[in-house]
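First comes the structure, then the notes that go with it.
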Amino acid sequence: MLNIVLFGPPGAGKGTQADFLVDNFQLIHLSTGDILRGEIAAETELGLKAKTLMDKGELVPDEVVIGMIESKLKANKDAKGFIFDGFPRTVAQAKALDELLKGFGHPVSGMLALEVEKQELINRLLERGKVSGRSDDQDASIIENRINVYNEKTAPLIDFYKKQDKFYSIEGMGTIEEIARRIEAVVAKLMS
Ligand code: AMP
C-alpha cells in the first residue's frame, strides 16, 4: 500500500499533481478542501460552518477534517493506497493520520513537498481564481492570509516527517509535466 502526503503551500500544484498520481498509480485522492467544498455545495450544517472560516483563509477545526478523513478511509478499506492532498495541515492532524493508518497496517510512505516561490504561488492562485470561481483565490489579502497560516501551522509538518525520515522535497517550479516526472521518480523509489 502506498500512502502519499502531497504537501505544499496553497497554489503549489497539489491538486494537479494528485490527478496525475491517481491515473498512474490507481490511488484514491483525498482532498479535504474538495470534500469541504462538496459540503458547502450540499449546504450541510458542516459546510455552512466551514465556509465562514474558508472564506477568510483560516483552517477549519482539526476534529472536523480528521473525522472526514476517517470516514473516507473506512469506506475504502481495499484501496491500493491514498494521496492525501491538503491534509494533514497541522501537527495534530498528522498525529491523527498516523493513528488512523495503524488500522490499515500501512503508515505514510512519504511526504512529497512541492517547493514554489511565494510570488509564483500568488500569481497561480489569482489565475485559478479567475477560472474556478473560488472566492478564496480571488482576493490578494485572503491569499496572503492562507500563505501565513501555512507558514505558521502547516510548515512545522516538514520537521514532523523529517523526523520519521519520510520527507522528500520536490522542485515545484517548471511545467506540470516536469514536476510530474520529479514526483514519479520519488514514488518509484517509495515503491521499490
Ligand atoms: P484547499 O482546497 O486545500 O486549498 O483548502 C481550502 C480551504 O479549506 C483551506 O483554506 C481551509 O480553510 C480548508 N481546509 C482544507 N483542508 C483543511 C485541513 N486539512 N485542515 C483545516 N482546514 C482545511
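The values are calculated or read from the model by the stated rules, or taken from the named source; none is laboratory data. Fair warning: this is a prediction, and the values are worked out from it, not measured in the lab. Every residue, glycine among them, receives a Cβ derived from its backbone with ideal geometry; neighbour counts consider all protein chains shown.
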Filter result (surrounded by fewer than 19 Cβ atoms within 10 Å (Cβ to Cβ) and of a type outside the set (A, V, I, L, M, F, W, C)) within region 82-108 | 95, 98, 99, 102, 103, 105, 106, 107
Lone unmet requirement of (1) at pLDDT 95 or above; (2) assigned to a helix (DSSP H, G or I); (3) under 25 Å from residue 69 (Cβ atoms) for residue 165 | (2)
Which pairs do you get when a residue that is assigned to a helix (DSSP H, G or I), found in region 138-149, comes within reach of a residue that is modelled with pLDDT of 95 or more, reach meaning Cβ atoms under 6 angstrom, with the pair 6+ apart or on two chains?
-> 142/57; 143/122; 143/125; 145/57; 146/10; 146/57; 147/9
Identify the single condition in (1) aromatic (Phe, Trp, Tyr); (2) at pLDDT 95 or above; (3) more than 21 Å from residue 132 (Cβ to Cβ) that residue 25 does not satisfy, given that it satisfies every other one.
-> (2)
The number of residues in region 130-168 that are within 12 Å of the ligand (Cβ to nearest atom) and closer than 17 Å to residue 12 by Cα is 15
Looking only at region 75-92, and only at residues there that are within 19 Å of residue 33 (Cα to Cα) and without any contact (Cβ under 8 Å) to a residue 40 or more places away in the chain, the one that is farthest from the ligand (Cβ to nearest atom) | 75
Residues in region 93-129 that are among the charged types (D, E, K, R), closer than 18 Å to residue 165 by Cα and within 14 Å of the ligand (Cβ to nearest atom) total 1
Residue check for residue 15: within 12 Å of the ligand (Cβ to nearest atom), part of a helix (DSSP H, G or I), surrounded by 13 or more Cβ atoms within 10 Å (Cβ to Cβ) and within 11 Å of the chain's Cα centre (by Cα) | yes
